[in-house]
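A short worksheet on the structure shown next.
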Amino acid sequence: MDNAEERSINTWRFVQIFSAKLVLEVCGGGGALWGSTEVLGLRTAETKEFWQFWCSLFSIIFFGRFLIQAKDYLYLPHAKGPYCNSWTSIVQVFSAKFVLEVLGS
């Protein structure tokens with residue numbers, strides 16, 4: 001396999017991985033908080049704007065996390081898996097798991 005073909009495959013793999021991550025993790029992060037506040041009865045007509053702000057902030061934080069993951073995937077060949085040895089990566093993974101899996105369910 002030549003270099004151009006390998007780059008094409010790697011580009012397609014990047015698009016597959018990170019388009020799914022964008023929808024599931026970025027949009028899902030804000031949506032998980034939004035839905036859980038409704039289920040818990042915290043979001044009412046009076047508090048709707050308050051929760052819109054916080055859910056938007058969560059989405060922005062998850063988008064920043066998404067950009068960091070994309071950068072690591074592109075520039076750190078050893079960091080292809082979801083876990084790295086730094087505490088920052090561990091906190092990112094488990095905070096995302098809490099929001100997406102606990103609040104999202």
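The values are calculated or read from the model by the stated rules, or taken from the named source; none is laboratory data. These numbers come from a predicted model, not from an experiment. Methodologically, a virtual Cβ is constructed for each residue, glycine included, from the backbone with ideal geometry; neighbour enumeration extends over all protein chains shown. Each accessible area value is taken on the protein alone, full model and side chains, heavy atoms only, with ligands, DNA and RNA left out. Shrake-Rupley method; radii C 1.70, N 1.55, O 1.52, S 1.80 Å.
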Flagged pairs (Cβ under 8 angstrom, 6 or more apart or on separate chains; first in the stretch 53-71, more than 18 Å from Val93 (Cα to Cα); second open to solvent by 60 Å² or more (accessible area, probe 1.4 Å) and modelled with pLDDT of 90 or more) are Cys55/Trp34
Flag if Leu42 is within 26 Å of Gln16 (Cα to Cα) and either without any contact (Cβ under 8 Å) to a residue 40 or more places away in the chain or aliphatic (A, V, I, L, M) (or both):
no
Only one of Phe18, Phe62, Phe94, Phe50 is modelled with pLDDT of 85 or more and either open to solvent by 50 Å² or more (accessible area, probe 1.4 Å) or not in a helix (DSSP H, G or I) (or both), namely Phe50
